[in-house]
Amino acid sequence: MMSRNAKINYVCLPQLTSVNFCLGLISGLLIGVVLLSLSSLNYPTMVGSYVTFDSFRFVDKNKTSEFGINATGATADTGQTQKPEQEDKYGTYTNRPKQETWSGALVDDSAFHKDKDEIARDLKRNIRVLCMIMTSSKALDTKATNVKNTWAKRCNVVVYISSTTNTTFPTVGFDIPEGREHLTAKTMTAFRYIFEKHFNEADWFIKIDDDSFVILENLRYFLSSHSPNDAVYFGHSFKSIVKQGFYCAGGGHVLSKEALRRLAMNGVTYSSCQYGAEVDVELGKCMEYLGVETADSTDRLGRSRFHCFDLEKQLSGEYPGWYYQYDVNGAKQGMESISDYAISFHVVPPLKINMYKFEFYVYHLRPYGIDSGHQSLNVPHTHL
């Protein structure tokens, strides 16, 4: 005869076995789901000695994709970070097609502008400025095009200088290799060409790079206090190296008619006019030897008009160390250091957006109901 405890164990044993079986089955299914999920992930793979974690993957920071973008989102040629494209969160409502990349074409909204520009137009007629823009064949579709679409259209005459001639753009090319070490030779040759071909078409001649922005109206206003018959040239003033000083290349060099005549006719014959690597220094030495004076270009309040750097650096004062050594005016910073009639800024990448940003801020953005009028900021030029 079976005892009472034995009967209970006999009855409960099948039930306990079933429960254990169910628990085991459920646990197995859960483990399987977890393992399957983990197997779908891309585990880190070391490629090269320097890697970065990106979307659960270790990828080579220096290796670029077929689109020229590396693991950090920086393009191979510019180093500019590109943010990943985000989906339109309202796309289900608008059913809007994906926008194509902007081509750079500008909308002509001049009919909406009510600017009183009679003074600017008079200055353009009476103070003729030739813009000699230094570029290269590989920059025509980028830097040079940005300049052409923005500030260059306000010059009286525009000449693009390159290493090769392009009749379509157009550019004037010289048989001089590209590169910093050849920049002085390219510049001196270009000045000679301008003298021979365009001397009588302008009163003043600005040499500027294709990564700078120039406000021509402010340049003409500044030049209205000076005579093109004086042997003088202007720019952002540097001290040292050259006794009378010289000008930073990024802010541009503005030559009077007499200064260009002396440089083109006599500069190539003097030993003081060498073709060194630093064009601003070599041009400064040559001008001093030729008796072409430097002059103060700050406004009546002592604020700068020509600028070696972009606006952000001028505002923040984040200058490189060497700038403090050479800047005549003490490397000032902030809005109070920049003239309301500023002339030039050396723009930094991304050049395309920054060029058009300047164009918008200067010629389009207006606070409604405010007429700023005109300020008298010119002062007679003084020797450095």
In the stretch 320-357, which residues are crowded, with 18+ Cβ neighbours inside 10 Å, part of a helix (DSSP H, G or I) and among the hydrophobic types (A, V, I, L, M, F, W, C)?
351, 355
Matching option when the condition is over 20 Å from the mean Cα position of the chain (by Cα), open to solvent by less than 10 Å² (accessible area, probe 1.4 Å) and not aliphatic (A, V, I, L, M), among 302, 267, 251, 276
267
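Residues in the stretch 285-296: is at least one within 19 Å of residue 190 (Cβ to Cβ) and open to solvent by 50 Å² or more (accessible area, probe 1.4 Å)? Walk me through how you get there before you give the answer.
The first filter runs over the stretch 285-296 and keeps only residues within 19 Å of residue 190 (Cβ to Cβ), leaving 285-287, 290, 292.
Of the ones still in play, those that are also open to solvent by 50 Å² or more (accessible area, probe 1.4 Å) are 285.
Yes, that holds for at least one residue.
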Run residue 165 past the list (1) touching a residue at least 24 places away in the same chain (Cβ under 8 Å); (2) in contact with a Gly (Cβ under 7 Å, 6 or more places away or on another chain); (3) surrounded by fewer than 20 Cβ atoms within 10 Å (Cβ to Cβ); (4) not acidic (Asp, Glu) and report the number of the one that doesn't hold.
(1)
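Taking the stretch 183-221, which residues are under 16 Å from residue 282 (Cα atoms) and in contact (Cβ under 8 Å) with a residue 40 or more places away in the chain?
183, 184, 185, 186, 187, 188, 190, 191, 192, 207, 208 - these are the residues of the stretch 183-221 that are under 16 Å from residue 282 (Cα atoms) and in contact (Cβ under 8 Å) with a residue 40 or more places away in the chain.
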Contacts under 6 angstrom Cβ, first residue in the stretch 118-141 being open to solvent by 70 Å² or more (accessible area, probe 1.4 Å), partner among the polar types (S, T, N, Q), 6 or more apart
128/156
Kindly indicate whether any position in the stretch 189-203 is at pLDDT below 95, part of a helix (DSSP H, G or I), closer than 27 Å to residue 223 by Cα and of a type in the set (S, T, N, Q).
yes
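The values are calculated or read from the model by the stated rules, or taken from the named source; none is laboratory data. This structure is a prediction, so every number in the text was calculated from the model and none was measured. Ideal geometry is used to build each Cβ from the backbone, glycine not excepted, and the neighbour counts take in all protein chains shown. All accessible areas refer to the heavy atoms of the entire protein, side chains included, with ligands and DNA or RNA removed. Shrake-Rupley method; radii C 1.70, N 1.55, O 1.52, S 1.80 Å.
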